[in-house]
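Down below is the structure, laid out as structure tokens.
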Amino acid sequence: DIDLVVEVMGGTSLAKSAVLESLKQGKSVVTANKALIAENLEEIVGVLNQVNERVVGKEAVTAGDGGNVKFAYEASVCGGIPVIQVLQSCYTGDIINEVMGICNGTTNFMLGKMEAGADYDEVLKEAQDLGFAEADPSADVDGYDVRAKIAILAKLAFGTTVPVDTIPCMGITNISVIDFAYAKSMGCTIKLVGTAVRQSQFGEHDGALSVYVSPKLVPNTHLLASATGCGNAVAIDSANLGIASYTGPGAGRYATANSIVADILRVANNTSTASPFPFSSNIEIDNDYVSAFYIRISFQDGLGIIRRIGELSESQEVSIHSILQQPITDRMAADTVVTTEACKYSQVKALCELIEKEDFALCAPVFMPMFTGSEYFCA
């Protein structure tokens, strides 16, 4: 008899059938498949609840034991970092305000190389040669891998299911060495970060839930800036603990296998959590998140460009915080950076679309959120 099924094939078609049928047959499942979980979260939980209610109805388990059939997925997010177990069991008496993380080792490796001066195409080829990136790297570089992972973390932290196709997702394909030069001048680096945060409406973190994936300007003093190479890092901001961080290997055979084996042992010892997602909530979802933003504008030099950018910003009710520009060496291809006060993602997106239409613009502006506020800094 088979008591437990381990699914590590990946994908969301055959793997989905294998996982759901195994659960329906009363088999516990251990998986590392983040895309499968994120895209079918409610269905998996529904099947699991039905199976365990049926088992309890047949008195196969005693009252209070919870269901016999388990669904464990520690390896699906951040590989060897036990962040799933932490969120399932260590914050039950706390209130989480925000979860943010570097959840993709490939892009973290690439961004680190770009910070050292390498260009995007060169770094991508190196990552592929080393086996960090696939021949089709879109899942990593376009942010889809992180999107699935932050959807899972959001469900664990806030009890709310966020459909993955509603999560704003920007990858790293438009980031260049010049962005790191500007970031350095501001005492920052750039990381691809998945974020799930309660916005503040009347008080602190009492509003809607915003979930998004984007490159971010991260202060060098921030704990996420310490994740280098293929490493991952997750920071959880909660009412009781403040900011707690979890770092380690995010992928690789040993890190993934370690988490899978740990899940197998927890299921075998009946020490895994009764429910893969311990609580649910009806928090409103508003993915039009609020942040200060970095906007890099590539332009052909001329008169009145800064004035025009200011006019367009005013038209979208975006307040400019600062304007940065390195000395122009080529008047036909120059860059300037505008940083904004806190505003909505939709406002900055609309502003960049307007700037792109201007005669001086060489391409669409590159924009990304910025960390601001002392609450994000390490001591």
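The values are calculated or read from the model by the stated rules, or taken from the named source; none is laboratory data. A quick note: this is a predicted structure, and the numbers were derived from the prediction, not measured. When we count neighbours, we look across all protein chains shown, and the Cβ atoms used for this are built from the backbone with ideal geometry, even at glycine. All accessible areas refer to the heavy atoms of the entire protein, side chains included, with ligands and DNA or RNA removed. Shrake-Rupley method; radii C 1.70, N 1.55, O 1.52, S 1.80 Å.
Annotation note: Cβ proximity below 6 Å between a residue of segment 300-319 that is under 15 Å from residue 331 (Cβ atoms) and a residue that is open to solvent by 70 Å² or more (accessible area, probe 1.4 Å) and assigned to a loop (DSSP other than H, G, I, E, B) (sequence gap 6+ or interchain) occurs for 300/332; 301/331.
When segment 1-33 is examined, which residues are found to be open to solvent by 60 Å² or more (accessible area, probe 1.4 Å) and either not in a helix (DSSP H, G or I) or not small (Gly, Ala, Ser) (or both)? Residues satisfying the conditions are 1, 2, 3, 6, 8, 9, 13, 14, 21, 24, 25.
For segment 203-230, taking the residues that are among the hydrophobic types (A, V, I, L, M, F, W, C), touching a strand residue (DSSP E or B) at 6+ places or on another chain (Cβ under 6 Å) and farther than 22 Å from residue 123 by Cα, the one that is modelled with the lowest pLDDT is identified as 223. Being within 21 Å of residue 46 (Cβ to Cβ) and either part of a helix (DSSP H, G or I) or aromatic (Phe, Trp, Tyr) (or both) is the filter here, so list the residues in segment 134-169 that pass it. Result: 148, 151, 152, 153, 154, 155, 156, 157, 158, 164, 165, 166. If you check 245, 214, 275, 226, which single one turns out to be under 16 Å from the mean Cα position of the chain (by Cα) and surrounded by fewer than 19 Cβ atoms within 10 Å (Cβ to Cβ)? Step by step, each of 245, 214, 275, 226 is checked, and only 245 is under 16 Å from the mean Cα position of the chain (by Cα) and surrounded by fewer than 19 Cβ atoms within 10 Å (Cβ to Cβ).
A single entry from 17, 28, 22, 13 fulfils the requirement of being of a type in the set (Ser, Thr, Tyr), at pLDDT below 95 and out of contact with any Cys (no Cβ under 9 Å at 6 or more places or on another chain): 13. Would you say residue 329 is in a strand (DSSP E or B) and of a type in the set (Ser, Thr, Tyr)? Judged against the criteria, residue 329 is not a match.
When 182, 120, 91, 73 are screened for being of a type in the set (Phe, Trp, Tyr), buried (at least 18 other Cβ atoms within 10 Å of the Cβ) and without any contact (Cβ under 8 Å) to a residue 60 or more places away in the chain, only 120 passes. Screening segment 320-329 for residues that are without any contact (Cβ under 8 Å) to a residue 40 or more places away in the chain and open to solvent by less than 70 Å² (accessible area, probe 1.4 Å) and picking the one that is farthest from residue 199 (Cα to Cα) gives 328. Taking segment 325-338 as the range and being in contact with a helix residue (DSSP H, G or I) (Cβ under 6 Å, 6 or more places away or on another chain) and either under 12 Å from residue 185 (Cβ atoms) or basic (Lys, Arg) (or both) as the test, only 337 passes.
Answer with yes or no whether residue 335 is open to solvent by 20 Å² or more (accessible area, probe 1.4 Å), part of a loop (DSSP other than H, G, I, E, B), within 25 Å of residue 216 (Cβ to Cβ) and at pLDDT 95 or above. No, not satisfied. Only one of the numbered conditions (1) farther than 19 Å from residue 183 by Cα; (2) aliphatic (A, V, I, L, M); (3) open to solvent by less than 40 Å² (accessible area, probe 1.4 Å) is not met by residue 370, and that is (1). Look at (1) part of a loop (DSSP other than H, G, I, E, B); (2) in contact with an Asp or Glu (Cβ under 9 Å, 6 or more places away or on another chain); (3) without any contact (Cβ under 8 Å) to a residue 60 or more places away in the chain and you find that residue 274 fails only one, number (3).
Contact map, segment 1-29: first residue over 21 Å from residue 257 (Cβ atoms), second residue among the aromatic types (Phe, Trp, Tyr), Cβ cut-off under 7 Å, separation 6 or more or different chains; pairs are 23/71.
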